[in-house]
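This report concerns only the one structure given below.
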Amino acid sequence: MIKLLHSKSGITKFQILIEIAAHQPNVRQKEIADKIGITPQAVSEYIKELVNQGFIVSAGRVKYKITKSGVEWVIENAAEMKKFAQFVMSDIISHVSTWTAIAEHDLKKGETVHLAMKKGLLYVNRTEVSEAKGITISDAFEGEDVGVTELMGYMNVETASISICKVPRVERGGTRNIDMSRLETIVKSKPFIASVGVESFIALKKIGIEPDALFGAREAIIEAAFHGLGSAVVTIDEEVSSILSRLEAENLDYELVDLTLNAV
């Protein structure tokens, strides 16, 4: 069990820090109280403790800001909770839940099958041995969806690296100021492509690439990485910092490539 779950006060402090980080600097204690289900007086006491711990700073009654130490504490605990959740899903819930997979050949109900992640999708077969296996809950033809239960073993899915391709906004030249040859080389080496901003979309269109994710690109590349898919996200320069923050919070590997030809 992770340390944070040992103490109700620890969980509450975590929730308060999340609320402050999401709405800083103008954060009302009553709004926090309503959101997490405690009294404003309790929020006030917790905030005093968080200030004393150096996790937040206060510039007035409704002005709070999370500190670098506070951010690090949140990230550390979020990472631990994520590991715990993965343990619950893989070692506990998987034994009593049903997973949906794609049959690689005709299968019968009650067959023991092996599971493997391929190109971001879960497949099952009876011949390709893997560490993870389960029991089919119904008949299925090749290519059909099939339910698998009583999962045993571990399915190793390595997170893939992400290339962040920074392109300039239109006032700095847009697609006319992009190294298109380099862009084409990068995106053709990745199985999953995301786009943020009109300039990015047009740049991809110019090299004949249709992005897999046009909206919700930040979350899409994270999901793709956890499913073993390497990705490239082509993004306007002003969105780079927010993308980096999300990837770092998830401890994902990435490279940042500036595709701007020259300063405009």
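Quick notes
- Just one residue in the set 141, 201 is in the same structural domain as residue 112 (by TED's automatic domain parsing), out of contact with any helix residue (DSSP H, G or I) (no Cβ under 9 Å at 6 or more places or on another chain) and more than 30 Å from residue 78 (Cα to Cα); that residue is 141.
- Residue within the range 142-153 that is at positive phi and either of a type in the set (Ser, Thr, Tyr) or outside any loop (DSSP other than H, G, I, E, B) (or both) present: yes
- Enumeration of residues in the range 38-53 that are more than 16 Å from residue 10 (Cβ to Cβ) and outside any helix (DSSP H, G or I): 39
- Taking the criterion of being β-branched (Val, Ile, Thr) and at pLDDT below 85, the residues of the range 66-97 that qualify are 88, 92, 93, 96.
- Residue list for the range 112-156, filter: farther than 21 Å from residue 225 by Cα, free of Cβ contacts under 8 Å to residues at least 40 places away in the same chain and buried (at least 18 other Cβ atoms within 10 Å of the Cβ): 113, 114, 125, 133, 134, 136, 140
- Restricting 210, 255 to residues that are in contact (Cβ under 8 Å) with a residue 40 or more places away in the chain, surrounded by fewer than 18 Cβ atoms within 10 Å (Cβ to Cβ) and within 23 Å of residue 119 (Cβ to Cβ) narrows the list to 255.
- Verdict on residue 134 being small (Gly, Ala, Ser), touching a Leu at 6+ places or on another chain (Cβ under 7 Å) and in the same structural domain as residue 109 (by TED's automatic domain parsing): yes
- Taken across the range 39-52, residues that are hydroxyl-bearing (Ser, Thr, Tyr), modelled with pLDDT under 90, touching a strand residue (DSSP E or B) at 6+ places or on another chain (Cβ under 9 Å) and within 22 Å of residue 77 (Cα to Cα) do not occur at all.
- Residue count for the range 204-233, restricted to those that are touching a helix residue (DSSP H, G or I) at 6+ places or on another chain (Cβ under 6 Å), not charged (D, E, K, R) and not in a strand (DSSP E or B): 3
A quick yes/no check of all residues on (1) surrounded by 14 or more Cβ atoms within 10 Å (Cβ to Cβ); (2) touching a strand residue (DSSP E or B) at 6+ places or on another chain (Cβ under 8 Å):
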residue	(1), (2)
34	no, no
57	yes, yes
63	no, yes
79	yes, no
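The values are calculated or read from the model by the stated rules, or taken from the named source; none is laboratory data. Note that the structure is predicted; figures quoted are calculated from it, not measured. Every residue, glycine as well, gets a Cβ built from its backbone with ideal geometry; the counts of neighbours run over all protein chains shown.
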